[in-house]
Amino acid sequence: MPGNSLRIKNILNDRQRKMFYAACYNLDSFRQFIFKSTFFQRFKIDDGLRIRLQTNDIELMAFAGRWLHFFLIGENTLHIQNPAPVRRDFN
């Protein structure tokens, strides 16, 4: 649907759009993103899943769906490694 593409373009910045399209349509690019960035330093991913994501496209596709739910909707499908502490002072 053409309208959906326009909505995504207006909501996401360039970098976010590239990540969205990679997760949806280009698994090789999405795999490169998660393995060549700080992704695994930022998110708690068990070693078994990490190994499967390297070679199993179906596992990667399912994981991309989880990531999209986290990234776009804010669902608790992934867990951040060390969330930044909430600042209580307003100085």
Label-point separation in nm, Asp14 to Ser37, each point 7 Å along Cα→Cβ: 1.5
Counting every C-alpha pair in the range 2-73, the percent lying more than 14 Å apart is 61
Once amide hydrogens are built 1.01 Å from N within the peptide plane, the residues lying 5 or more places from Thr77 or on another chain with amide H under 5 Å from its amide H are Phe70
Under 5 Å from the placed amide H of Phe43, counting only residues 5+ away or on other chains, we find Gln81
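Where a number appears in this text, it was derived from the coordinates with a stated rule and is not lab data. Fair warning: this is a prediction, and the values are worked out from it, not measured in the lab. Don't worry about glycine lacking a Cβ; one is built from the backbone with ideal geometry, like all the others, and counts go over all protein chains shown.
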